[in-house]
Amino acid sequence: MLRLHGMVRSRAMRTLWLLEELEVEFEWREVGPRSPEAYALNPKGTIPILETDEGVILDSLAQMHFLADREGRFTHPAGSLARGTQDAMSFTVLEMLDAPLWAMALHGFGLPEDKRVPEVKDASRWLVGHNSTRVADLMDGPYAVGEVPTVADIVLAHCTGWARGLKIEVDERLRDHARMMRDRPAFQRAAARG
Ligand SMILES: N[C@@H](CCC(=O)N[C@@H](CS)C(=O)NCC(=O)O)C(=O)O
C-alpha cells in the first residue's frame, strides 16, 4: 500500500498529481512540513514523504520516478534517449525554476528573520521570469518532451503554477503548457484533496 504525506499547496502536489494520473491505490495524509508527523518519517522534516511496503522515499522527483518506472507510464523508458532528454528537462526545471522559487520562500518566511536578505527575493523573482524563457526554448512538442506527458510536465506545470501564485510573469509558452496540464482530470482530483 502506498501512503503519501504532505500538503496540496506544496511540492507534495507533484506526487499526488502523478498518483491520480496513474490511478493506483494510495492513502493521502495531510501533514505539514517540520511537523512531528513529518519528523517521525523523515529526519529532514520535509514533505512530501512517500511510504511504500518496502520503505520510505523522500523527495518529489524521486517519488515520481519510482512510481512512473514501476507503472511504466508517464515516463519514457529508462535507457532511452527520450528518457535522457526527459530527465534533463526535469533537472533543468529544478535548477532554473524550483531553486529560485525556493530562495524566494526562504528569504520571505523560511529562514530565521535575521538571516533573510530581502534583495534575494527580488533577484530570484527576476530570475524565475528570465529562466522561464530558457526553459520554454527547450520544450519540443506540446509536452515538455515530445507527444506524451511525463513527470517532466508535472514538475514544470507545478513550478509554473507556483510562480503564477507569486504573480511572476512567466513565458507565454509555459503559461499555455500549465493551462493544458491543469485541465487534466487527474490534476483536478489532486487539487480537490486540499
Ligand atoms: N527537493 C525536495 C524538497 C522538499 C521540501 O523542501 N519541501 C518543503 C515543502 S514544499 C518543506 O518541507 N520545507 C520545510 C523545510 O525546508 O524545513 C522535494 O522535491 O521533495
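The values are calculated or read from the model by the stated rules, or taken from the named source; none is laboratory data. Please read all numbers here as calculations on a predicted model, not as lab measurements. Backbone-built Cβ (ideal geometry, glycine too); neighbour counts: all protein chains shown. We work out accessible area using only protein heavy atoms, side chains counted, and drop any ligands, DNA or RNA first. Shrake-Rupley method; radii C 1.70, N 1.55, O 1.52, S 1.80 Å.
Out of all the residues in region 137-159, which are assigned to a helix (DSSP H, G or I), surrounded by fewer than 19 Cβ atoms within 10 Å (Cβ to Cβ) and in contact (Cβ under 8 Å) with a residue 40 or more places away in the chain?
Hit for region 137-159 is 138, nothing else.
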query = Quick check: anything in region 40-53 in contact with a helix residue (DSSP H, G or I) (Cβ under 7 Å, 6 or more places away or on another chain), touching a residue at least 60 places away in the same chain (Cβ under 8 Å) and either farther than 25 Å from residue 139 by Cβ or buried (at least 17 other Cβ atoms within 10 Å of the Cβ) (or both)?
reply = no
message = Let me confirm something: among 114, 183, 176, which residue is without any contact (Cβ under 8 Å) to a residue 24 or more places away in the chain and closer than 20 Å to residue 19 by Cα?
response = 183
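Is it the case that some residue within region 88-100 is open to solvent by less than 60 Å² (accessible area, probe 1.4 Å) and aromatic (Phe, Trp, Tyr)? Walk me through how you get there before you give the answer.
Initial filter on region 88-100 (open to solvent by less than 60 Å² (accessible area, probe 1.4 Å)): 88-90, 92-94, 96-100.
Checking the rest, the ones that are also aromatic (Phe, Trp, Tyr) come to none.
No, because not a single residue in region 88-100 is open to solvent by less than 60 Å² (accessible area, probe 1.4 Å) and aromatic (Phe, Trp, Tyr).
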key: Total residues in region 160-171, condition touching a residue at least 24 places away in the same chain (Cβ under 8 Å) and farther than 12 Å from residue 97 by Cβ   = 1
remark   = Restricting attention to region 1-25, the residues that are open to solvent by 20 Å² or more (accessible area, probe 1.4 Å) and not charged (D, E, K, R) number exactly 5
inquiry  = Suppose the filter is modelled with pLDDT of 95 or more, open to solvent by 40 Å² or more (accessible area, probe 1.4 Å) and touching a Ser or Thr at 6+ places or on another chain (Cβ under 7 Å); does residue 69 pass it?
reply    = yes
